[in-house]
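Below: the structure, in structure tokens.
The values are calculated or read from the model by the stated rules, or taken from the named source; none is laboratory data. Fair warning: this is a prediction, and the values are worked out from it, not measured in the lab. Glycine gets a Cβ as well: all are built from the backbone with ideal geometry, and neighbour counts include every protein chain shown. Ligands, DNA and RNA are excluded from the accessible area calculation, which covers all protein heavy atoms including side chains. Shrake-Rupley method; radii C 1.70, N 1.55, O 1.52, S 1.80 Å.
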Amino acid sequence: VQLVESGGGLVQPGGSLRLSCVASRSIFNIYVISWYRQAPGKQRALVAVITKGGITTYADFVKGRFTISRDDAKNAVYLQMNNLQPEDTAVYSCYASPPFNTWGQGTQVTVSS
């Protein structure tokens, strides 16, 4: 499976973006799909996880601001990001759990006034 992210861009503090992660095939059998981010000079960090059954988990630093969802009919996983702050600036990537063990190429999110 291949994953392609989109939806990144430049946004002012307090703004919103919706990231998309579209798979090249059905994601119905992909048990876990996650969003990660990596800021310059920092390690990659887990942002949010969604299971096949729709159970979600969030990093503390995005709880209440970000929402992960999946649409199996569209082979897509989304990350709705609200109230973005400069510290959210990073490359955001999606990841499909084993046995697929696949990363997308990432999409840049920049939060700046």
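Within the range 88-113, can you find the residues that are open to solvent by 70 Å² or more (accessible area, probe 1.4 Å) and among the aromatic types (Phe, Trp, Tyr)?
Listed by number, the list holds a single entry, TRP103.
Somewhere in the range 8-18, is a residue outside any strand (DSSP E or B) and farther than 30 Å from SER113 by Cβ?
No, the range 8-18 contains no residue that is outside any strand (DSSP E or B) and farther than 30 Å from SER113 by Cβ.
Condition first: surrounded by 14 or more Cβ atoms within 10 Å (Cβ to Cβ) and either outside any loop (DSSP other than H, G, I, E, B) or polar (S, T, N, Q) (or both). Now tell me which residues in the range 19-44 satisfy that.
Hits for the range 19-44 are LEU19, SER20, CYS21, VAL22, ALA23, VAL32, ILE33, SER34, TRP35, TYR36, ARG37, GLN38.
Do you know which residues across the range 56-101 are of a type in the set (Lys, Arg) and in a strand (DSSP E or B)?
ARG70
Just one of (1) at pLDDT 95 or above; (2) farther than 18 Å from GLN105 by Cα trips up GLY54, so point out which.
(1)
Just the residues that are surrounded by 17 or more Cβ atoms within 10 Å (Cβ to Cβ) and touching a residue at least 40 places away in the same chain (Cβ under 8 Å), please, taken from the range 66-87.
Listed by number, the residues that qualify are ARG70, ASN75, ALA76, VAL77, TYR78, LEU79, MET81, LEU84.
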